[in-house]
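See below for the structure under consideration.
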C-alpha cells in the first residue's frame, strides 16, 4: 500500500498541497507547515523534491500520453484524467482519477479497477474563483456516494479553513490546496497551510 493510500485510510481527512513552484524549498516549506502530501505539476525537479521530504509526493499528468512510466519512479501517486486510465492500469502508484465539469454519475460506478481515489475537480474554469456554496457540496456528496472511493476536494472554490469541517462531514477524505487559496508569496503559502493544518487537527474535537 502506498503512503497516500495509508493516509487516506487512517486520517479523518488528509491535507495535500499542490506546489505552485516545483522546487525542494517549496516542498520542504509545505511539509514543515503541515502538509500530509505534495502534488507537483510537472517532472522538473521531481527527484530532488521526493528526496527532500518524508511525506508522499505525486504528480498531476495533464497529458499522460507523453509520459514515460520510468520518469514516474520515486513518486507515490499519479493524478490523471479518466480517458488516460487504460495507460496506467498496472502501475505501482496510487491512481487518482481527475474529474471535470462534464462528469456523470454513471461514469463513477465500478471504478475500483481504474483508480484508488477521485479528484473532484468539477468546477468549470469559466466560473472564476467564488465561495463554496450548497450546490458544490451537493455535487461532492453525490460523487462520494456514487464512486465508493476516497474523494479529494481541490480548492477550485475559495475554500476557507473554517469550511474544512463541512467538507469532512460531507465525506471527503482529502483537500487539495491549490494556488487559489495558497496565494502568490511564500508567506501566504506557509500561512495558509498552517491554518488548514489547524482546522484538520481540530476535527472531532
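The numbers here are math on the coordinates, done by the rules we state, and not lab data. These figures come from a predicted structure and were not determined experimentally. Glycine also receives a Cβ, built like all others from the backbone with ideal geometry; neighbour counts cover every protein chain displayed.
Based on the Cα coordinates of the stretch 108-205, what is the per residue volume of their convex hull in Å³? Don't skip to the end; give the middle numbers.
Details: hull volume 10.6 nm³, N = 98.
Looking at the stretch 108-205, the number lands at 108 Å³ per residue.
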(message) For the pair residue 110/residue 43, report the inter-label distance in nm, with labels modelled 7 Å from Cα in the Cβ direction.
(response) 3.4 nm
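Sorted by average packing, counted as other Cβ atoms within 10 angstrom per residue and highest first, what order do 171-177, 156-162, 91-97, 105-111 take? Each step should come with its number before you reach the end.
Numbers: 171-177: 22.4, 156-162: 17.0, 91-97: 20.6, 105-111: 13.6.
The peptides rank, most packed first, as 171-177, 91-97, 156-162, 105-111.
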(request) Using a/c under 1.5 as the rounded threshold, could you call the stretch 163-205 rounded, prolate or oblate? The axes a ≥ b ≥ c are square roots of the C-alpha gyration tensor eigenvalues, and prolate needs a/b larger than b/c, oblate otherwise. (result) oblate
(request) May I ask what percent, to the nearest 5, of DSSP beta bridges between residues of the chain are antiparallel? (result) 0 percent
(message) For the chain, place one equal point scatterer on every Cα, skip the solvent, and apply the Debye formula. What is log10 of I(q)/I(0) at q = 0.08, 0.14, 0.18 Å⁻¹?
(response) -0.24, -0.78, -1.37
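Return the equivalent ellipsoid semi-axes of the stretch 29-108 as a descending list in whole Å, where each equals the square root of 5 times an eigenvalue of the C-alpha gyration tensor. Show your work: numbers first, answer last.
Details: eigenvalues 114, 49, 21 Å².
Ellipsoid half-lengths, sorted descending, are 24, 16, 10 Å.
Could you tell me which of rounded, prolate or oblate describes the stretch 74-135, using a ≥ b ≥ c as the square roots of the eigenvalues of the alpha-carbon gyration tensor, with rounded for a/c under 1.5 and, failing that, prolate when a/b is larger than b/c and oblate otherwise? Mind showing how you got there, number by number?
Numbers: a/c = 2.50, a/b = 1.77, b/c = 1.41.
It comes out prolate by the Cα gyration axes.
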(message) Can you compute the helix-only [θ] at 222 nm over the chain? Use -39500 (n - 2.57) per DSSP H run of at least 4 residues, normalise by all residues, nearest 500 deg cm²/dmol.
(response) -9000 deg cm²/dmol
